[in-house]
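Report on the structure given below.
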Amino acid sequence: MDISALKAKLGELEAEATRAISEAKSADAIRSAETRLTKEPIAEALAALKTLPGEQRGEAGKTINATKERLKELFAAGLAGLREKAVAADQAQAGAFDPTLPGPVTARGALHPVTIVQWEVERVLSGLGFTVVGGPEMETDFHNFEALNIPATHPARDMMDTFWLDNGWLLRTHTSPCQVRAMRQFGAPLRVCAPGRCFRYETIDASHENTFFQVEGLMIDRNISISHLIAVMRMLLREVFQRDVKVRLRPGFFPFVEPGFELDMSCEICGGKGCATCKQSGWVEILPCGMVHPNVLRFGNIDPREFTGFAFGLGLTRLAMMKFGVGDIRVLNSGDLRGIAPAGRLAGETIVERVGARA
Ligand code: DAH
């Protein structure tokens, strides 16, 4: 090789480096081009020095060094250029982003209608000095029946067929067992309410479900009478519906109260005209109640000669249906939001707002 051939080769190397840099789409591409076009080719050029005539070697060496420097600069500039391009692209994108545009709208969660009425009832009753208590959904025969004056042979058990468990316990058919537990735990005088889930072996239709919610109320003191019962029931419904609701009182039979009543309210679904929910009667049984039976007081370790009391079992699920105009009970246990939260009915109230109001 002679010096002009060497110079031509080095010139080509520079040209190729320039081309590679202009085509490179990433820093990695530039770095690998740098390795490919500097290391070996320069080493080869240096090795070729030996083949040149002595007087040309000095000039050739200088040219090689200059090329090496030039390649280094070219690649460094290529990398810097790429970085600048990326920053410019970022800035262009940032300019296109409008922070004043509204964000994507996500549906807000709301409380279940039954929870809303439950909390409402708790609020009203707490205001009247009732303590909110709970109780197990899996109950003993004693608490669910026996202590409520429903012995094993009593025909009232037929109305409350339920799911029996292998251990002899059962899924509670009502919240009334909480009465017994509260009396035994706290004694008299006593004011408690117990909301919760109940179960029955029911044929399901528009107004019957195998799983539903009730709230039990119990007030025991000296000289408690039916007038206390009616006053509290009226106030409760008025507060929940935020207006006077039409009610009627009929005699009703429940083994754990004497006398016992059925408190009906005018059907809010049809306005009292008659529909599937109220079985065409215009009235909905919503508040069975009565004066606590002396036997039940005794089971609760309370002396019926000293204390009297009233009790009620409010159907929370039915109340929610009335309040929110849900015509079919099955909707409330389903996950279908079109039925549970019909447009506007829940007024968009969120869990956060509700919890906040409760705190
Ligand atoms: N436990 C009854 C039921 O589920 C409802 C009931 C009636 C509760 C009268 C009461 C009451 O406390 O006094 O059918």
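Summed over the range 141-165, residues that are polar (S, T, N, Q) and under 15 Å from Gly300 (Cα atoms) total 2.
Filtering the range 277-302 to residues that are closer than 17 Å to Met265 by Cβ and part of a loop (DSSP other than H, G, I, E, B) leaves Thr277, Cys278, Lys279, Gln280, Ser281, Gly282.
Could you list all residues from the range 106-134 that are in contact with a Ser or Thr (Cβ under 7 Å, 6 or more places away or on another chain) and modelled with pLDDT of 90 or more?
Here is the first cut: in the range 106-134, the residues in contact with a Ser or Thr (Cβ under 7 Å, 6 or more places away or on another chain) are 108-110, 114, 132.
Matches in the range 106-134: Val114, Val132.
So which residues in the range 271-285 are within 16 Å of the ligand (Cβ to nearest atom) and either surrounded by fewer than 22 Cβ atoms within 10 Å (Cβ to Cβ) or at positive phi (or both)? Give the derivation first.
Just the residues of the range 271-285 that are within 16 Å of the ligand (Cβ to nearest atom), to begin with: 284-285.
Glu285, the sole residue that qualifies.
Looking across the range 23-55 at every residue that is among the small types (Gly, Ala, Ser), outside any loop (DSSP other than H, G, I, E, B) and touching a residue at least 24 places away in the same chain (Cβ under 8 Å), the one that is farthest from Ala77 (Cα to Cα) is identified as Ala48. Is it the case that the range 145-156 has a residue that's under 26 Å from the mean Cα position of the chain (by Cα), in a loop (DSSP other than H, G, I, E, B) and closer than 24 Å to Thr203 by Cβ? Within the range 145-156, not a single residue is under 26 Å from the mean Cα position of the chain (by Cα), in a loop (DSSP other than H, G, I, E, B) and closer than 24 Å to Thr203 by Cβ. Touching a residue at least 40 places away in the same chain (Cβ under 8 Å), surrounded by 11 or more Cβ atoms within 10 Å (Cβ to Cβ) and farther than 28 Å from Arg330 by Cα: does that describe Leu111? No.
Quick grid of which residues meet (1) buried (at least 16 other Cβ atoms within 10 Å of the Cβ); (2) within 13 Å of the ligand (Cβ to nearest atom):
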site	(1), (2)
Asn167	no, no
Leu170	yes, no
Gly196	yes, yes
Arg200	yes, yes
Arg222	no, no
Arg243	no, no
Gly252	yes, yes
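Being crowded, with 17+ Cβ neighbours inside 10 Å, assigned by TED's automatic domain parsing to the domain that holds Thr277, within 16 Å of the ligand (Cβ to nearest atom) and modelled with pLDDT under 90 is a property that Met160 has. I'm trying to understand the selection: among the residues of the range 294-316, which are near the ligand (Cβ under 9 Å from one of its atoms) and under 13 Å from Phe254 (Cα atoms)? Listed by number, the residues that qualify are Phe310, Ala311, Phe312, Gly313. The C-beta contact set for the range 224-241 (first residue outside any helix (DSSP H, G or I), second residue among the small types (Gly, Ala, Ser), distance under 7 angstrom, 6+ apart or interchain) comprises Ile224/Gly309.
The values are calculated or read from the model by the stated rules, or taken from the named source; none is laboratory data. Since the structure is predicted, the reported quantities are computational estimates derived from the model, not experimental observations. Because the Cβ atoms are built from the backbone with ideal geometry, glycine has one as well, and the counts that use them run over all protein chains shown.
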